[in-house]
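The values are calculated or read from the model by the stated rules, or taken from the named source; none is laboratory data. Not measured: the values here are computed from a predicted model. In this analysis, Cβ positions are derived from the backbone assuming ideal geometry, glycine residues included, and neighbour counts consider all displayed protein chains. Each accessible area value is taken on the protein alone, full model and side chains, heavy atoms only, with ligands, DNA and RNA left out. Shrake-Rupley method; radii C 1.70, N 1.55, O 1.52, S 1.80 Å.
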Amino acid sequence: MTRIEVERMIKQDEGFSSKVYLDTRGIPTVGWGHAFLGSEVPRVGSEFTREQCDLWFQQDMDSAYHGYSKLDLPYISPAVRGVIVQMLFNLGLRGVQKFKRFLDAVKAKDYKLAAFEMLDSKWHREDVGARAVRLARIVFEANE
């Protein structure tokens with residue numbers, strides 16, 4: 001899965017809003033899922049240009065790919081790598097690192113077990129629902 005494909009999937013899942021809104025966890029968010037986590041959080045309803053939102057999206061993508069490099073994974077299926085980058089975009093590095101059994105299954109290239117571990121999570125049940133099912137299906141069907 002190429003970066004362009006990963007970006008397209010994330011943008012489709014996230015949708016776009018030029019106005020700050022609260023995501024499902026109550027975090028102020030704008031653009032394609034850019035979460036404001038720092039000390040300077042704009043008010044809900046504040047509006048930003050598409051160009052600014054695209055810049056934040058690219059920075060968030062860079063951060064997700066950088067996070068991937070910190071996971072110390074062996075060569076794995078490009079499709080699975082793309083799914084992990086999407087999880088990193090959504091959950092951050094610390095969030096993905098909590099998926100210990102998932103990551104162990106990925107390292108063992110047991111993609112069927114890895115898919116099961118994705119679905120056996122609060123992330124699937126309470127946060128993203130159908131998105132996790134779609135991503136788990138990609139992992140389940142992955143080949144080397």
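A simple spin-label model places pseudo-atoms 7 Å from Cα toward Cβ; at Q59 and K107 they are separated by 3.3 nm. Enter the accessible area per residue of the chain (Å², integer; probe 1.4 Å; all protein chains in place). It amounts to 56 Å² per residue over the chain. When the chain is treated as a GNM with alpha-carbon contacts under 10 Å, the residue of K98, K11, K112 showing the greatest mean-square fluctuation is K98. As a calculated quantity, the FRET efficiency between R3 and K98 at R0 = 30 Å, using C-beta atoms, amounts to about 0.75.
Of the residues G92, G15, G31, the one that moves most in a GNM of the chain with alpha-carbon contacts below 10 Å is G15. Computed with a 1.4 Å probe over protein heavy atoms only, the accessible area of F116 comes to about 120 Å².
Projecting the Cα atoms of S17, A136, P78 onto the dipole axis of the chain, where Lys and Arg carry +1 and Asp and Glu carry -1 at the beta carbon, places A136 farthest toward the positive end. Overall, the accessible surface of the chain at a probe of 1.4 angstrom is composed of carbon and sulfur to the extent of 52 percent.
Remark: relative contact order (the range 65-122) = 31 percent; criterion is Cα-Cα distance under 8 angstrom and separation of 6 or more residues. Taking every DSSP helix (H) stretch of at least 4 residues in the chain, weighting each as -39,500 (n - 2.57) and dividing the sum by the residue count yields a mean residue ellipticity at 222 nm of -17500 deg cm²/dmol. At full extension, F36 and L22 could sit 4.0 nm farther apart than now, given 0.36 nm per residue minus the alpha carbon distance. Between D72 and K11, the FRET efficiency from the beta-carbon distance, with R0 = 22 Å, is close to 0.20. For the chain, the number of Lys pairs separated by eight or more positions or lying on different chains, with C-alpha atoms closer than 16 Å, is 9.
In this Cβ point-charge picture (+1 for Lys and Arg, -1 for Asp and Glu), the chain has a dipole of about 340 debye about its Cα centre.
The GluC sites (Glu not before Pro) found in the range 1-72 that occupy coil by DSSP, while having at most 16 further C-beta atoms within 10 Å, are E40.
Taking all protein chains together and a 1.4 Å probe, the residues I27, I84 rank I27, I84 from largest to smallest accessible area.
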